[in-house]
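**Q** The structure follows.
Bear in mind these aren't lab numbers, they're just calculated from the coordinates by the rules spelled out. Since the structure is predicted, the reported quantities are computational estimates derived from the model, not experimental observations. For neighbour counting, all protein chains shown are included, and Cβ atoms are generated from backbone atoms with ideal geometry for every residue, glycine included.
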Amino acid sequence: MFGKISSWWSSSPATDDKPYNPSDPKQNPLNPKGLKPCCACPQTKSARDDCFLRYDPDEAEGKCKQELSEHIACMRSLGFKV
């Protein structure tokens, strides 16, 4: 009931206890367009997917490390926790 009332002794206002949403531009300035994870980094996502489809599942993990690391770096640059 009193969750949104700030304390007289505290200099900071009451905070909303919303979970972090990387797709919300208000919470994540790294993602001003509000992209969802499925739509973020289409170039690196496509290269990663193509690589994994090109190789046998046993080989893909080793041969697609660069594509995977580039996609992870792109997602993290937009504030996604990968």
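**Q** In segment 22-82, with Lys and Arg counted as +1 and Asp and Glu as -1 at Cβ, which of these residues, 35, 46, 62, has the Cα nearest the positive end of the dipole, that is, farthest along it?
**A** 35
**Q** Arranged from highest to lowest average of other beta-carbon atoms within 10 Å per residue, in what order do the peptides 67-77, 28-38 appear?
**A** Values: 67-77: 15.9, 28-38: 12.5.
Those peptides, ordered most packed to least, come out 67-77, 28-38.
**Q** Run down the lysines and flag those whose C-alpha is under 23 Å from the C-alpha of residue 81, throwing out any fewer than 8 positions away in its chain.
**A** Straight-distance partners of residue 81: 18, 26, 33, 36, 45, 65.
**Q** Can you give the translational diffusion coefficient of segment 22-82 in µm²/s, computed by Stokes-Einstein from the Kirkwood radius over Cα pairs at 25 °C and 0.890 mPa s?
**A** In µm²/s, the coefficient rounds to 201.
**Q** What is the local net charge at residue 44, summed over the other residues whose Cβ is closer than 10 Å to its Cβ (Lys, Arg +1; Asp, Glu -1)?
**A** For residues surrounding residue 44, the net value is -1.
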